[in-house]
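The values are calculated or read from the model by the stated rules, or taken from the named source; none is laboratory data. These figures come from a predicted structure and were not determined experimentally. Counting neighbours? That spans all protein chains shown, and the Cβs are built from the backbone with ideal geometry, glycine included. These accessible areas exclude ligands, DNA and RNA; they are computed on the full protein's heavy atoms, side chains included. Shrake-Rupley method; radii C 1.70, N 1.55, O 1.52, S 1.80 Å.
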Amino acid sequence: MSLSELAGSTVLVTGAGGLIGSRLTAQLRQLGARTVSVCRMDAYPESTYRDYFGIRPDDPDFIVGDIAEPRLIKRLIPGCDYVIHAAALADVAACTRQPLDAIDSNVVGTQRVLDAVAACRTVRRMVFVSSASVYGNGDHGQPGARFHEDAPVRPVSVYGASKVWGEHETAAVLGNAGTSYAIVRYFSVYGEPQVIKEHSHSWVVAWFAMRAALGLPLHLNGGGRQVRDFVHVDDIATGTLHALTAERAHQATVNIGTGTGTSIRRLADLVCAHYPGVPLLETAMPPGDPEGGYACTRRMEDLLGWRPAISVEDGVARYVKWLQERPDVIPQWLRDPTAA
């Protein structure tokens, strides 16, 4: 099945108000699908959702609500052909600080979605959005590991552990119900219009670019030796839609990555090329931050017949250009001298 065959279908997207969810709904609409969107809309200021993620409050198919609320998903699922479950407390630092909030969103909310999908016979497939954080530090705990989907999962954070649970529960609930599913493990997502959150160390491309734009030092946690596979949000959304439709992705767990590892120090150099003279500052490693690695993409290319198109060099340049055109997106709290 090609992506064009999504035309005329109805797709429920949870977490549709965020960077990834809003990109998914945009691509689905371009393909001619109807999207039913749900999101709590409490992660960013209202202006961010409106001005940067393109969320229209008057959209009758956009529902502001919590997937952990028992009746909400049961009401929305009937009549949907597909489901993409992307809603989560996806901030590693926030999950570490507030594990019960992570359980409420990532465990209870996921169970509500799975139960509703399993009870609805119209859903052709659900995609559960997982994360490379399930791999933790890999087998040897060294930066630069290549993560294959069959490798043991060894999460080192609350967020990663919640995603491991979600993967297993998706397989158990939907497998028993006879409902098709696919699990996608996102690697490090970035891209315009990503914006940073206070007290977070996620979204390092946005952090580095915004700090560099203000002349602030770039913090290299642990010296910047960690390795990440940076995947542009446009590619993330496209890969997810392929997992939604590819016949061979049935009951498969698939990495969505570029297959290229980039150290955090190398990323800092890419950003500094656009902002010469910005200093680098080595800082302590935050809890729950894995040494990381990059995706093995053989299964993705084989089952989905697709691979990402945007390199990290081009993606960083795109983000910097977007930021230079919209400097007002840099939050006021980062401009405060004490934030340095």
**OP:** On the protein heavy atoms, probe 1.4 angstrom, tell me the percent of accessible surface of region 1-62 carried by carbon and sulfur.
**Re:** 47
**OP:** Scale the Cα Rg of region 178-263 by the rule-of-thumb value 2.2 N^0.38 Å and send over the ratio, two decimals.
**Re:** 1.34
Original post:
How long are the three semi-axes of the equivalent ellipsoid for the chain, computed from the Cα gyration tensor as the root of 5 times each eigenvalue, in whole Å, largest first?
Top reply: 31, 22, 19
**OP:** Please work out the C-alpha center-to-center distance from region 264-340 to region 44-111 and express it in whole Å.
**Re:** 25
Subject >> Kirkwood hydrodynamic radius of region 69-199, Cα pairs, Å >> reply: 15.7
Original post:
From the phi of every residue in region 229-246, what ³J(HN,Hα) in whole Hz does the Karplus formula 6.51 cos²θ - 1.76 cosθ + 1.60 yield, where θ is phi - 60° and glycine or proline is x?
Top reply: 9, 7, 10, 5, 4, 4, 5, 4, 5, 5, x, 5, 5, 5, 5, 5, 10, 5
**OP:** Arrange the peptides 210-219, 196-205 so that the one whose residues have, on average, the most other Cβ atoms within 10 Å appears first.
**Re:** 210-219, 196-205
Original post:
What is the Cα radius of gyration of region 14-89 over 2.2 N^0.38 Å, N being its residue count?
Top reply: 1.03
Original post:
How do the peptides 147-154, 280-287, 188-195 rank, highest first, by the average count of neighbouring beta carbon atoms within 10 Å per residue?
Top reply: 188-195, 147-154, 280-287
Original post:
Once the dipole of region 148-260 is set up with Lys and Arg at +1 and Asp and Glu at -1 on Cβ about the Cα centre, which of THR253, VAL231, VAL173 lies farthest towards its positive end?
Top reply: VAL231
**OP:** Return, ordered by residue number, the residues of region 157-195 whose backbone nitrogen is under 17 Å from a label point located 7 Å along Cα→Cβ of GLU5.
**Re:** 180-182
**OP:** Give, in nm to one decimal, the length gained when the segment between HIS199 and ALA171 is fully stretched (0.36 nm per residue of separation minus the Cα-Cα distance).
**Re:** 6.7 nm
Original post:
Per-residue HN-Hα couplings for region 311-317, Karplus 6.51 cos²θ - 1.76 cosθ + 1.60 at θ = phi - 60°, whole Hz, x for Gly and Pro?
Top reply: 6, 5, 4, 5, x, 5, 4
**OP:** Mind giving me the nanometre distance, one decimal, between the label points for ASP269 and GLN111, set 7 Å out from Cα along Cα→Cβ?
**Re:** 4.8
**OP:** Could you go through region 214-221 in sequence order and give the Karplus-derived ³J(HN,Hα) for each residue, using 6.51 cos²θ - 1.76 cosθ + 1.60 with θ = phi - 60°, rounded to whole Hz, and x for Gly and Pro?
**Re:** 8, x, 7, x, 8, 7, 9, 4
Original post:
When the dipole is taken about the Cα centre of region 144-191, and only Lys, Arg (+1) and Asp, Glu (-1) are charged at their Cβ, what size is it in debye, to the nearest 20?
Top reply: 160
Original post:
Quick one: if you stick a label point 7 Å off each Cα along the C-beta vector at ASP101 and LEU334, how many nm between them?
Top reply: 1.9
Subject >> Accessible area expressed per residue, the chain, with surrounding protein chains retained (probe 1.4 Å, Å²) >> reply: 41
